[in-house]
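Report on the structure given below.
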Amino acid sequence: MFLDRAVKTKKHPCFSKSAHNYARMHIPVAPVCNISCNYCNRKYDCVNESRPGVTSEVLSPEEALAKFRIVKEKMPELSVVGVAGPGDSLANFPETKKSIQLIQAESPDMVFCLSTNGLMLPEYQEDILQLGISHLTITINAVNPRIGAKIYAQVNYQGVSLSGEEGATLLLDRQLKGLEYLSARGIVCKVNILLLKGINDSHLEEVVQVVKKHGAYMTNIMPLIPVKGTRFEDLPLSDGKELNNFRRKCSVHLKQMYHCQQCRSDAVGCLGRDRSLEFSDNYIKERE
Ligand code: CLF
Ligand code: SF4
């Protein structure tokens, strides 16, 4: 790993458990999504990186900068700024890019992090490198299009909407291409995998092995939080013990994350010590 990436990883609470006293801030500047997951209801946040049932405010890049200034002043332990929805960070790339540029101009020492479904990675991989983003999360729930077809209802690419295995094949191809390209150039890539019982549970190890081959630094197997009105709302759930067994099994292949908080897209604070309400737009307006 490149030296500065190793130093930054030590200050990133998602990538390093020992960084638990460092805080991250999500700037919710990405409302649009370009795929349709069967576990997602867009009334809520992107389940890639969020807890459903909590609707986030959406900020413009300028508002994100203003919020960043407030958070940074009150939270000296802030080390990471991330874009994790509420839609997809790359489906809103102009806003994502501008927000990062604005914040970076003031605080070049921040670690910048993106979370994405990966569909647009090949389009934006050069921009991601140039922007100085050091950490990336791609949600890859399947590496077999037959399984992917059960998870993704639609994949919208260049004005065409694909479904079934066709959509899943395109998505997977672009996820793996982006992962490989960016990992090879020093971006620290984590792959999030949603554990979907009866859909991909017997496939998890294969996902981990394939993403490892394409350069992933670690994987984060997360439990499904069922959302009403979605196709997967009644999927059986896993308890913590079962989840950790899956993670342990996969740890033979690759580093695993055990401390994910499935954050909101406007989360602020150290992992497990969320302070997002304190910095919500409404709260700030009330004080003004
Ligand atoms: Fe945010 Fe995600 Fe970056 Fe972390 S969250 S974009 S990598 S800065 Fe972290 Fe939250 Fe788990 Fe995500 S605990 S949901 S893994
Ligand atoms: Fe929802 Fe995220 Fe899937 Fe888009 S990528 S459909 S926002 S869970």
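Descriptive notes on the structure:
- Single condition Arg275 does not satisfy, out of (1) under 24 Å from Ser89 (Cα atoms); (2) modelled with pLDDT of 90 or more: (2)
- Residue within the range 207-220 that is within 19 Å of Ala84 (Cβ to Cβ) and surrounded by fewer than 18 Cβ atoms within 10 Å (Cβ to Cβ) present: no
- Residue ID - farthest from His12 (Cα to Cα), chosen from residues in the range 125-147 that are within 16 Å of ligand 2 (Cβ to nearest atom) and either small (Gly, Ala, Ser) or under 16 Å from the mean Cα position of the chain (by Cα) (or both): Ala142
- Matching entry among Arg231, Arg275, Arg247 (being more than 16 Å from the chain's Cα centre (by Cα) and within 16 Å of ligand 2 (Cβ to nearest atom)): Arg231
- Just one of the listed residues (Ala30, Ala6) is among the hydrophobic types (A, V, I, L, M, F, W, C), crowded, with 23+ Cβ neighbours inside 10 Å and at pLDDT below 95, and it is Ala30.
- For the condition touching a residue at least 40 places away in the same chain (Cβ under 8 Å) and over 29 Å from Ser107 (Cα atoms), Ala168 does not qualify.
- Strands (runs of 3 or more DSSP E) contained entirely in the range 76-183, each with at least 3 residues that are within 16 Å of ligand 1 (Cβ to nearest atom) and β-branched (Val, Ile, Thr): 78-83, 135-139
- For the range 148-180, taking the residues that are more than 16 Å from ligand 2 (Cβ to nearest atom) and either of a type in the set (A, V, I, L, M, F, W, C) or crowded, with 19+ Cβ neighbours inside 10 Å (or both), the one that is farthest from His12 (Cα to Cα) is identified as Val160.
- When Ile221, Ile225, Ile199 are checked against the criterion of being in contact (Cβ under 8 Å) with a residue 40 or more places away in the chain and either touching a strand residue (DSSP E or B) at 6+ places or on another chain (Cβ under 8 Å) or farther than 21 Å from Leu172 by Cβ (or both), Ile225 stands alone in meeting it.
- Single unsatisfied condition, Lys43 versus (1) more than 17 Å from the chain's Cα centre (by Cα); (2) modelled with pLDDT of 90 or more: (2)
The values are calculated or read from the model by the stated rules, or taken from the named source; none is laboratory data. Being a predicted model, the structure only gives us computed values, none of them experimental. Reconstructed Cβ throughout: ideal geometry from the backbone, glycine too, with neighbour counts over all protein chains shown.
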